[in-house]
Every structure is written in C-alpha cells, then in structure tokens.
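Input: a single structure, listed below in structure tokens.
The values are calculated or read from the model by the stated rules, or taken from the named source; none is laboratory data. Computed from a predicted structure; not experimentally measured. All Cβ positions, glycine included, derive from the backbone under ideal geometry; neighbour counts span all protein chains shown. Side chains are part of the model used for accessible areas, which takes the heavy atoms of the whole protein and leaves out ligands, DNA and RNA. Shrake-Rupley method; radii C 1.70, N 1.55, O 1.52, S 1.80 Å.
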Amino acid sequence: MENPLSICCKLCFKAFTTYQKLFVHERNKHSHNKTIPHFYSLPRPTSEQMSQYINSFIVLIKKKLGFSRHAIGKKRFSIETFPENIFVYLFKDEEKFKYSPAKHKYQCYFGGLTGENRLKQILHYDQWSFRQNPLTNTKGYVLLEDYENTYQVKFIWSQTVLLENNRKFTLGRMTCNFITDSGEFQENNINQTPTPNSQFSIFQEDTSSLSNNLKQPVKKKFRYILPRPLQDMNQSFPLVPPPIVVPQKNSLT
C-alpha cells in the first residue's frame, strides 16, 4: 500500500492523505495550471513525427463530416498510442492549454473563429475544418461560431495505466470532441437582403468595371439542408389543382 505521505501536490508540494483530497485541491488551487513538472523528460519530436499525427487528426476529423442531417451534431474520435510529447509540443503554448499532474491529463480548447484560424496555423492546413461536395455547394464543417453562440474543439490527452506482475504498462490516448453542421452556400447579389444565416463575405471582381480594377463585396448566404420551410417548398413547387374532368352523358336518340 502506498505511503500516504507520498500523495502530494507536484505544484505546491502540499501533502494529502487520499488522492480524492489531492484532486479537490488541484481543482480549487491549480485549475488553470500550465506547468509540466516533468517537461524536461519529454523529448522534442521530429518534424516527421509531428506531421504524422497532424495528418492523422485531419483524416479522422474529415471522416466525421458529411452532407446530410445524420452528419450533424456532437462528434468524437480518439487516437490510441498518441505520444505525450507530441501533444505537449503541439499545444503547450496555447491560451487554453492546461495540465493536471494528479490525473496526468492535458486539455486544450479552441473556440470561435479565432480558434479555427489558430488551428489552421498549428495544423498547417487551411481546409482542416470542412469538406465540400464537388458537385454542389453543400459543405459539412466543424461548427465553431454562429449568430447565437461560439463552440469549441476540445483536445484531451490521458493515460491508462496497467499494473501487473510487478510491471507498469501505460497507454496514451488523444481524444477530440467537436460539433459538426452541414448546409448549402449560395452566392447572392449584394443588393439582396442577407438572411439571418449568412456566414461570411468574399470579394469578387466586378465584371462591369474591369477597367477600374475594382472589387465589390459579394455576400454568401448559408441555408440549412433539411428541413426546408414549407413556404419555400410551395414557392419552388407551386400547387396547381388538377383539372376537373366531367364525364359526358350519353344522349338518347
């Protein structure tokens, strides 16, 4: 049985009699800790190693993106045998990075458009967060911000420990949690009134004034795929009553 005096906080060295008391102390006193006491023992990964796990992340997140209502909602994936040093060197300098020495657990959150842009830099890929159907304007994407809320992509690294036959076996796992959405994007004239779901604007060259080399902002409008409002359905497919056929009566001669 482990000596209770060895249960101490690795950040302030306060001793506790149970791990539960240590967890409570760490949550109350060091909830946003970024210090990694054993950082010196984590080797710096090579660029090839970093690229390998970054590519794995991009592939797995894009597999969760789709173009139907079934692809919308909370998503999660895990990468087993994810090295601790890879996770640390990827995220240790981020604002929302934190580490729990008592649980040997790392967390890093990215929220809103700022988080999306930051992940573009970390992953070295601007299109990490969406897939687009090449035949339509439909996109499946990671939802990070809309007109009502901001959302987060959460990365968590944890370790599973197995003690058996006087040996210690460890397994590192990286888990990613996020929310996906899907919709259609349509280009619209700038004079049109943007809908509440319009997402962003782009700049498109004005063909009527090429000589002046001017660019006019063009709005892009977002529309959910399903379900469509009933009035839109009626406008697209007007209901025309079928012609009434009156049978002719046979005349008696």
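Tabulated data
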{"quantity": "Criterion (at pLDDT 90 or above, at negative phi and not in a helix (DSSP H, G or I)) met by exactly one of PHE82, PHE67, PHE23", "calculated": "PHE82"}
{"quantity": "Those residues of the stretch 147-188 which are touching a residue at least 40 places away in the same chain (Cβ under 8 Å) and more than 17 Å from ILE61 (Cβ to Cβ), in sequence order", "calculated": "TYR147, SER158, GLN159, LEU171, GLY172, GLY183, GLU184, PHE185, GLN186"}
{"quantity": "Residue within the stretch 109-132 that is small (Gly, Ala, Ser), open to solvent by 20 Å² or more (accessible area, probe 1.4 Å) and at pLDDT 95 or above present", "calculated": "yes"}
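One line per residue, one yes/no per condition, for (1) surrounded by 16 or more Cβ atoms within 10 Å (Cβ to Cβ); (2) free of Cβ contacts under 8 Å to residues at least 40 places away in the same chain; (3) closer than 16 Å to PHE178 by Cα:
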position	(1), (2), (3)
SER6	no, yes, no
CYS9	yes, no, no
CYS12	no, yes, no
PRO37	no, no, no
PRO43	no, no, no
ILE54	yes, no, no
SER78	no, no, yes
